[in-house]
């Protein structure tokens with residue numbers, strides 16, 4: 001009896017399933033505020049304990065997760081940070097942006113962020129932290145909603161209305177403080193104001209007591225590339241200081257955009273000079 005060799009693609013659905021499960025496990029760990037046990041992962045993944053155990057062993061071997069030897073609980077591994085850092089570096093954005101971020105931090109003494117829009121959310125790429133004891137607590141590699149952050153609104157303002165609507169439908173508009181924009185109509189009006197002003201403001205919308213100003217960076221094609229922001233406690237980042245900070249951010253964002261190959265239209269140049 002002749003054995004029929006198995007097709008190379010015969011086990012591909014299984015391999016894809018394993019990959020889906022691994023990514024799902026990593027996503028669960030990323031969303032968790034603490035380390036996760038097998039007992040917690042099993043119902044979340046809808047898999048038997050032995051299957052999850054084998055899956056976590058493989059992820060641990062690749063340093064994608066770390067198992068606490070004392071508790072047996074899992075957390076994300078540093079390998080993910082290494083891969084993410086290389087991906088960000090490949091964008092050639094972080095290195096180009098850093099001098100502008102440093103200068104803004106020196107000038108205003110507050111924490112400066114550099115972010116991209118990923119899947120409709122703010123992804124923090126770089127951070128130059130304030131040296132003051134009261135400062136913004138947000139780490140590189142973390143995510144935040146776009147609708148209630150200055151960097152997020154600065155980037156949303158660069159998108160067509162249809163794309164903004166799709167992002168809103170996907171993530172929703174949840175009021176996290178009394179100042180948070182919570183309706184699509186309010187967000188649309190806010191983005192129109194951002195476009196007219198040239199910079200966005202988070203007026204204690206993501207966190208009470210925190211104020212932030214952001215401006216978008218454009219690529220050589222004129223489309224959104226990233227955004228930068230200055231963030232600090234509202235008692236230092238007063239409303240009276242916002243226009244000055246906004247102008248400085250717009251200038252830095254404009255220079256970085258030019259460095260990336262973007263050429264502003266004559267009308268934009270005149271408007272920038274007027275501001």
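The values are calculated or read from the model by the stated rules, or taken from the named source; none is laboratory data. These figures come from a predicted structure and were not determined experimentally. Note that each Cβ is placed from the backbone with ideal geometry, even for glycine, and that neighbours are counted across all protein chains shown.
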(message) So, residue 253, is that one part of a helix (DSSP H, G or I), assigned by TED's automatic domain parsing to the domain that holds residue 97, modelled with pLDDT of 90 or more and closer than 18 Å to residue 105 by Cα or not?
(response) yes
(message) Given (1) under 22 Å from residue 123 (Cα atoms); (2) not in a strand (DSSP E or B), identify the lone condition not met by residue 236.
(response) (1)
(message) Please determine whether any residue of the range 111-128 is at positive phi, surrounded by fewer than 23 Cβ atoms within 10 Å (Cβ to Cβ) and in contact with a helix residue (DSSP H, G or I) (Cβ under 6 Å, 6 or more places away or on another chain).
(response) yes
(message) Go through (1) without any contact (Cβ under 8 Å) to a residue 12 or more places away in the chain; (2) within 17 Å of the chain's Cα centre (by Cα) for residue 49 and report which single condition fails.
(response) (2)
(message) Restricting to the range 202-219, name every residue that is assigned to a strand (DSSP E or B) and closer than 19 Å to residue 129 by Cα.
(response) 202, 210, 211, 212, 213, 214, 215
(message) If a residue must be under 10 Å from residue 231 (Cα atoms) and outside any loop (DSSP other than H, G, I, E, B), how many such residues does the range 109-132 contain?
(response) 3
